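Take a look at the structure set out below.
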Amino acid sequence: MPKLNENYQNLKESYLFVEIAHRVAEYTKANPDKKVIRLGIGDVTLPLEPLAVDALHEGVDAMTSTETFKGYGPEQGYEFLRNAVVDYYAENGVSIHADDVFISDGAKSDTGNIGDLFATDNVVLIPDPVYPVYVDSNIMTGRQITYIDANADNNFLPLPDKNVHADIIYICSPNNPTGATYNKEQLKEWVDYALENEAVILFDSAYEAFITDPELPRSIYAIEGAKKCAIEFCSLSKTAGFTGTRCGYTIVPKELVFKASNGEEMSVNAMWNRRQSTKFNGTSYIVQKGAAAVFTKEGMAQCKENIAYYQENARVISETLAKKGIRYFGGENSPYIWFECPNGMDSWDFFDYLLNNAQVVGTPGAGFGKNGQNFFRLTSFGTHESTKEAMERFEKLF
């Protein structure tokens, strides 16, 4: 009989969004006449931008001819897309190299798989509340997790405690679920801490395209020294609506080097390259063609139109909460609005209350950690019409 990875016994019974889907399915089955508005899961609703669609068609057309057909591609991504990512960073004032860029099927996969590079006896520092993948992927491998409190007192932007040692640090900015965004000074504290502790920062910038404040960094590499201590993950899921198309990229600088137990230096870039070459066959050529179109001047302009649409939804949600005197975070520089449950309610109780009385679905903060127990997340990824209607229903309840 094989020995199983018994760390799976330490996971919660079901993934957060599976439980939400189950409760909503039960409600809709019992109430088929009720119109349910979903503002819970962070999935987009607008179609892909026209330029990306045209490029996807070009990729498909290439498969119809022997002369242009593409089979296995480079596991790291095609050069044309890796260079497009480099140019995108340069436009935002950050210099990276094409060899640092690895194209993938999304940030979720890479943030879950990056643990392959690190031993199980590393101490992992994770903010609470947090995107569940960070926690669950480390529980699966049996790593020790130390939590740092993100709460209303620190505006859900915790800073390092010099009395606490960590080897691996997870940071998401703009944050999922809270919508909070670190400024340069705050990120510098984390970079300095990582350098002092010889730690690595795993920086999730999946929502960087929603940052409108030019003073806020859209990449950890805007901070001096970060290339020696940070890996950055990003995705086109929210930037360009690729949630179903699947394409992301991870930046692993060649400057990121650590010593092994035998004293030899090991390049994290080379390790990730070896890992991807072994376990990943690359993102499809068709998808990469569409992704490359996103990074053109016209493509980014079309993306910004879609993002502006979602930002208007965030404004509607935020204004409703402000009108009702409910404390909230995010909604600006982020697609997420994180607010305190009215009347001191527990977040799962509030989830059921909102579903049963307003037919609106959000995400209970408790699913992101203990500090989310009395908080709730709404997303701005609905349509204008559904978001407006949801907030009208919400307003009548309180």
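At a Förster distance of 35 Å, what's the computed FRET efficiency of GLU264 paired with LEU4, Cβ-Cβ distance as r, to 0.05? Efficiency at R0 = 35 Å is approximately 0.60. When the Cα gyration tensor is reduced to axis lengths a ≥ b ≥ c, the ratio a/c is 1.5 or higher for the stretch 206-269, and with a/b not above b/c it is classed as oblate. Taking a straight Cα-Cα cut-off under 22 Å and skipping sequence neighbours fewer than 8 places away in the same chain, the lysines within cross-link reach of LYS304 are LYS238, LYS289, LYS388. A Förster distance of 35 Å, applied to the separation of the beta-carbon atoms of GLU189 and GLU319, puts the FRET efficiency at 0.60. A full extension of the chain between GLU312 and MET63 corresponds to an added length of 85.7 nm, given 0.36 nm per residue minus the alpha carbon distance. Based on every Cα atom in the stretch 80-179, Rg and the maximum pairwise Cα distance Dmax equal 15.7, 45 Å.
The simple Förster model, with R0 at 45 Å and r as the Cβ-Cβ distance, assigns GLU305 and ILE326 a FRET efficiency of 0.90.
With the Cα gyration tensor of the stretch 261-398 giving a ≥ b ≥ c as the square roots of its eigenvalues, does the rule (a/c under 1.5 for rounded; else a/b larger than b/c for prolate; else oblate) give rounded, prolate or oblate? Here the stretch 261-398 falls in the oblate category. Toward the positive end of the charge dipole of the stretch 50-295, with +1 on the Cβ of Lys and Arg and -1 on the Cβ of Asp and Glu, the farthest Cα among PRO132, TYR193, THR68 is that of THR68. Each residue of the stretch 50-295 gets 130 Å³ once the volume of the Cα convex hull is shared out per residue.
Residues of the stretch 279-297 falling in the label zone of ASP116, defined by backbone nitrogen less than 14 Å from a point 7 Å along Cα to beta-carbon, are 279-283.
What separates the Cα centres of the stretch 233-268 and the stretch 333-398 is a distance of 33 Å.
Of the residues CYS172, ALA314, LEU157, the one whose Cα sits farthest toward the positive end of the charge dipole of the chain, with +1 on the Cβ of Lys and Arg and -1 on the Cβ of Asp and Glu, is ALA314. Each residue in THR296, THR66 was given a count of other beta-carbon atoms within 10 angstrom of its own, and listing them fewest first yields THR66, THR296.
Read-outs throughout are calculated quantities, based only on the coordinates presented, and are distinct from any laboratory measurement. Remember, it's a predicted structure, so these values are computed and weren't measured experimentally. No Cβ is skipped: glycine too gets one built from the backbone with ideal geometry, and neighbour counts run over all protein chains shown.
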